[in-house]
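The values are calculated or read from the model by the stated rules, or taken from the named source; none is laboratory data. Please read these numbers as outputs of a predicted model, since none were measured by experiment. All Cβ positions, glycine included, derive from the backbone under ideal geometry; neighbour counts span all protein chains shown.
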Amino acid sequence: MNGGNSAAFTRPPTAELHIHVEAAIDPTHIMAMSRKNGVPLPYLDEADLRSRYAFRNLQEFLNLHYLNLTVLKTEEDFFQLATGYLDGAVGANVRRAEIFFDAQIHLGNGVQIEALMGGLTAAFGASQESHGISTDLIMCFSRDLGTQAAHEMLTLIMPYRDRIIGVGLDSTEIGFGPELYTEVYARAAAEGLHLVAHAGEEGGPDTVMATIDLLHIKRVDHGVRVMEDPKLVERLRTEQIAVTTCPLSNVALGTIPTLADHPLPRMLAEGLLATVSSDGPPYFGGNVDVNYQAIHDELGMTKNDIHLLARNSFEAAFIAPTDRDRWLGEVDAYFAAAE
Ligand SMILES: [Zn+2]
């Protein structure tokens with residue numbers, strides 16, 4: 001997709017605000033960890049696994065994804081997982097990443113929380129030195145595991161409170177509305193955690209509005225269908241609630257038919273704080289730079305559009321004002337120098 005024809009402005013310094021560390025695992029590592037840890041997977045080989053990366057919807061992806069995650073067992077596995085993301089993010093010119101992880105899934109697979117948090121924080125805690133990338137972690141509640149499990153997970157993570165900056169909500173959207181998570185989000189807010197949530201990937205604009213009302217989120221993850229409701233658009237604009245879009249993921253999961261159907265140009269035209277991220281590079285077609293290139297090639301996004309999107313990524317990030325100013329300066333310098 002990135003066939004050597006990159007435009008000179010599609011690899012800007014950027015923040016990546018919608019990336020699941022688990023979805024950054026590549027087939028080579030999945031197969032290697034399966035052998036190392038003695039966890040059988042129903043694939044003949046790596047090529048067979050790769051051939052299954054074709055999804056008709058979110059649930060089909062989640063079924064394969066959760067099966068693949070059973071290979072992650074040790075602290076070293078989680079360190080490798082995190083390092084794999086960072087290695088790819090460097091090439092994509094990511095300066096800042098706010099990274100989701102699904103703690104409940106790993107604990108459900110028998111992983112010790114010490115191994116999970118030890119591996120992730122060993123890699124991400126040194127990411128500035130090792131990769132030149134600033135990182136922080138956002139723990140996502142798995143929506144389909146329900147209210148009680150979310151409360152228990154928030155309690156379990158509290159000894160690691162200083163290693164996460166926020167909470168999110170992901171996994172199956174249909175049938176698991178935001179009303180289930182009102183109280184656990186209030187608890188997280190009382191802990192000073194930032195609040196984000198996936199909404200509007202499968203559900204309509206009413207789901208997004210309810211998620212904002214009930215969970216008081218600062219960022220909507222995906223929000224593909226927000227443009228269907230003018231009142232919601234007005235609210236997102238006036239409150240500058242960010243929308244973290246993942247264009248290639250949306251096509252890969254059938255959320256939109258083709259990239260040309262993506263609402264991102266209309267979001268920018270309406271003054272929304274829209275950003276671009278990868279969601280999970282190996283599964284959905286590439287890193288954030290490949291997403292920028294694709295929206296230039298197939299969605300007609302101009303140099304000015306991509307400049308705005310890169311600026312938005314830092315405007316919507318949970319970072320100190322001095323860091324924001326420095327990175328925005330880097331973005332502006334990049335576009336001033338680009339053809
Ligand atoms: Zn996501």
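Is there a residue being under 21 Å from ILE217 (Cβ atoms) and at pLDDT 95 or above anywhere in segment 88-96? For segment 88-96, residues under 21 Å from ILE217 (Cβ atoms) and at pLDDT 95 or above: present.
ASN63 satisfies every condition listed in (1) without any contact (Cβ under 8 Å) to a residue 60 or more places away in the chain; (2) over 21 Å from the mean Cα position of the chain (by Cα); (3) exposed (fewer than 14 other Cβ atoms within 10 Å of the Cβ) except (2).
Of all residues in segment 185-205, exactly one satisfies the criterion of being surrounded by fewer than 15 Cβ atoms within 10 Å (Cβ to Cβ) and charged (D, E, K, R), namely GLU191.
The number of residues in segment 67-98 being touching an Asp or Glu at 6+ places or on another chain (Cβ under 9 Å) and either surrounded by 20 or more Cβ atoms within 10 Å (Cβ to Cβ) or not acidic (Asp, Glu) (or both) comes to 16.
Residues of segment 301-339 that are more than 17 Å from SER277 (Cβ to Cβ) and of a type in the set (Asp, Glu): ASP323, ASP325, GLU330, ASP332, GLU339. In summary, ILE174 fulfils each of the numbered conditions (1) surrounded by fewer than 16 Cβ atoms within 10 Å (Cβ to Cβ); (2) closer than 21 Å to ASP136 by Cβ; (3) within 16 Å of the ligand (Cβ to nearest atom) with the single exception of condition (2).
Only a single criterion out of (1) at pLDDT below 95; (2) among the aliphatic types (A, V, I, L, M); (3) within 16 Å of the ligand (Cβ to nearest atom) is not satisfied by ALA338, namely (3). For segment 257-295, the set of residues classified as within 17 Å of GLU202 (Cα to Cα) and either surrounded by fewer than 20 Cβ atoms within 10 Å (Cβ to Cβ) or more than 15 Å from the ligand (Cβ to nearest atom) (or both) consists of PRO257, THR258, LEU259, ASP261, HIS262, PRO263, LEU264, listed by residue number.
In summary, SER142 fulfils each of the numbered conditions (1) within 20 Å of LEU17 (Cα to Cα); (2) without any contact (Cβ under 8 Å) to a residue 60 or more places away in the chain; (3) buried (at least 22 other Cβ atoms within 10 Å of the Cβ) with the single exception of condition (3). For segment 62-87, the set of residues classified as among the hydrophobic types (A, V, I, L, M, F, W, C), at pLDDT 95 or above and under 23 Å from LEU44 (Cα atoms) consists of LEU64, LEU67, LEU69, VAL71, LEU72, LEU81, listed by residue number.
Taken over segment 145-164, the criterion of being surrounded by fewer than 17 Cβ atoms within 10 Å (Cβ to Cβ) and touching a Leu at 6+ places or on another chain (Cβ under 9 Å) is satisfied by GLY146, THR147, LEU156, ARG161, ARG163. As a summary of the residue check, ASP144 satisfies the conditions (1) outside any helix (DSSP H, G or I); (2) within 16 Å of the ligand (Cβ to nearest atom) except for the one numbered (1). Given the criteria in contact with a Pro (Cβ under 8 Å, 6 or more places away or on another chain) and at negative phi, does ASP229 qualify? Criteria met by ASP229.
Only strands (runs of 3 or more DSSP E) whose full extent lies in segment 186-256 are considered here, and none of them has at least 1 residues that are away from the ligand (no atom under 16 Å from the Cβ), free of Cβ contacts under 8 Å to residues at least 24 places away in the same chain and among the hydroxyl-bearing types (Ser, Thr, Tyr).
Criterion applied to ALA15, ALA23 was being buried (at least 20 other Cβ atoms within 10 Å of the Cβ), at pLDDT 95 or above and within 14 Å of the ligand (Cβ to nearest atom), and the one residue passing it is ALA23. Where helices (runs of 4 or more DSSP H) sit wholly within segment 270-339, those with at least 2 residues that are under 15 Å from GLU98 (Cβ atoms) occupy 303-315, 321-337.
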